[in-house]
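This report concerns only the one structure given below.
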Ligand code: NAP
């Protein structure tokens with residue numbers, strides 16, 4: 001243990017799977033042995049003297065927290081999304097922000113596909129019917145008809161790491177791939193996913209399933225709203241494992257209620273946990289999961305490995321595995337990577 005690293009103070013905001021304690025044992029570690037989220041005021045009090053914070057989605061790292069943490073050098077989030085962190089403010093203050101992409105891509109794509117299959121083939125509805133002893137006829141030709149997948153068009157909004165992993169799975173099911181990004185993929189990559197580029201509007205118009213994989217930013221907040229939903233086919237399904245506020249939930253509720261689209265399957269919500277009085281809960285053309293995109297054992301362990309390594313590397317002056325804000329180096333505090 002070096003003198004300088006042992007003097008650095010680190011907060012881990014709750015217990016996370018993965019070898020976090022071991023990786024960060026060289027620091028003065030405040031590892032919360034607690035599975036509950038910190039309140040904002042608790043977090044603010046705890047960050048005051050810290051050089052590093054390992055946190056996740058429920059920890060709102062805003063200007064107030066960053067201003068309170070005078071010694072802070074790194075915010076390492078146990079997630080790929082970083083919309084809960086004011087990255088611009090962190091950058092100005094010379095604080096590195098790191099995240100955990102790649103290791104959760106397959107798990108999130110798997111859950112996306114579970115939702116897609118689940119809503120298309122009415123899996124939860126069928127399960128409830130059997131469990132509630134409402135299954136009357138042994139087999140019936142028109143009973144619980146869902147949607148085919150083979151030959152249908154899957155519109156991927158956000159053809160990044162997770163979008164591409166979803167495309168791979170969809171090809172196995174015989175689906176046709178359309179996608180929209182701000183930047184078009186290379187011809188070679190398009191060929192490898194048999195993917196066809198579309199404008200945002202055209203993607204909405206043509207797709208039988210629209211699956212959302214873009215980050216939550218100012219630009220994507222309520223990107224899916226009454227106007228954009230109106231462009232979708234009446235027979236189409238909307239799936240999201242991205243972030244709740246990308247969809248205007250009020251507009252989605254109206255569209256589902258009036259059968260403007262066939263159904264929706266969501267893992268993420270504007271408010272989490274979903275409030276008990278959410279109108280979405282009154283619909284039957286919907287499938288909901290509680291933000292479990294990356295919730296697979298091996299994946300969560302690897303996220304812990306990456307999040308802890310990112311944090312340790314920054315405090316030791318080394319390159320992290322995944323840095324969100326390269327520009328933070330311009331603003332001082334930490335020396336260039338060794
Ligand atoms: P990624 O590799 O960065 O992919 C994001 C894609 O979105 C990129 O292809 C990007 O392309 C595109 N994009 C960004 N802004 C856009 C815009 N305004 N319009 C159209 N396309 C846009 O990220 P990822 O690793 O796939 O993760 C995607 C998101 O999934 C994360 O940000 C996170 O919020 C969410 N997520 C959720 C869970 C869960 O538990 N449910 C788990 C993991 C991840 P361009 O830059 O060219 O536009």
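The values are calculated or read from the model by the stated rules, or taken from the named source; none is laboratory data. The structure displayed is predicted, hence computed values, not measured ones. All Cβ positions, even for glycine, are placed from backbone atoms using ideal geometry, and neighbour counts span all protein chains on display.
Exactly one condition in (1) closer than 21 Å to residue 323 by Cα; (2) surrounded by 15 or more Cβ atoms within 10 Å (Cβ to Cβ); (3) touching a residue at least 40 places away in the same chain (Cβ under 8 Å) is false for residue 47; which is it? Evaluating residue 47 over (1) closer than 21 Å to residue 323 by Cα; (2) surrounded by 15 or more Cβ atoms within 10 Å (Cβ to Cβ); (3) touching a residue at least 40 places away in the same chain (Cβ under 8 Å) leaves (3) as the failure. Residues that are touching a residue at least 60 places away in the same chain (Cβ under 8 Å), more than 16 Å from the ligand (Cβ to nearest atom) and either touching a strand residue (DSSP E or B) at 6+ places or on another chain (Cβ under 7 Å) or not in a helix (DSSP H, G or I) (or both) within the range 114-126 comprise 120, 124, listed in sequence order.
Just one of the listed residues (211, 240) is free of Cβ contacts under 8 Å to residues at least 60 places away in the same chain, buried (at least 23 other Cβ atoms within 10 Å of the Cβ), over 24 Å from residue 88 (Cα atoms) and in contact with a strand residue (DSSP E or B) (Cβ under 7 Å, 6 or more places away or on another chain), namely 240.
Among residues of the range 263-284 being part of a loop (DSSP other than H, G, I, E, B) and under 22 Å from residue 163 (Cα atoms), the one that is farthest from the chain's Cα centre (by Cα) is 270.
Exactly one residue out of 175, 144 is more than 30 Å from residue 215 (Cα to Cα), touching a residue at least 12 places away in the same chain (Cβ under 8 Å) and more than 13 Å from the ligand (Cβ to nearest atom): that is 144. When residue 129 is tested against (1) more than 22 Å from residue 162 (Cβ to Cβ); (2) surrounded by fewer than 18 Cβ atoms within 10 Å (Cβ to Cβ); (3) in contact (Cβ under 8 Å) with a residue 40 or more places away in the chain, just one condition goes unmet, and that condition is (3). With respect to being in the same structural domain as residue 157 (by TED's automatic domain parsing) and over 21 Å from the mean Cα position of the chain (by Cα), residue 240 falls outside the description. For the range 18-31, a residue qualifies if it is surrounded by 17 or more Cβ atoms within 10 Å (Cβ to Cβ) and assigned to a loop (DSSP other than H, G, I, E, B), and the qualifying residues are 18, 24, 27. Using the structure shown, decide if residue 234 is more than 9 Å from the ligand (Cβ to nearest atom), at pLDDT 95 or above and closer than 19 Å to residue 287 by Cβ. So residue 234 fits the description; yes. The criterion of at least 1 residues that are within 28 Å of residue 145 (Cα to Cα) is met, among helices (runs of 4 or more DSSP H) falling completely within the range 187-259, by 200-206, 226-229, 249-257.
Report whether or not residue 290 is under 25 Å from residue 79 (Cα atoms), in a loop (DSSP other than H, G, I, E, B) and at pLDDT 95 or above. Here the answer is yes, as residue 290 does meet what is asked.
When 280, 266, 256, 223 are checked against the criterion of being more than 24 Å from residue 122 (Cβ to Cβ) and not assigned by TED's automatic domain parsing to the domain that holds residue 56, 223 stands alone in meeting it. In the set (1) surrounded by fewer than 23 Cβ atoms within 10 Å (Cβ to Cβ); (2) closer than 24 Å to residue 327 by Cα, the condition left unmet by residue 15 is number (2). If you check 163, 151 for being within 11 Å of the ligand (Cβ to nearest atom) and in contact with a strand residue (DSSP E or B) (Cβ under 9 Å, 6 or more places away or on another chain), only one passes: 163.
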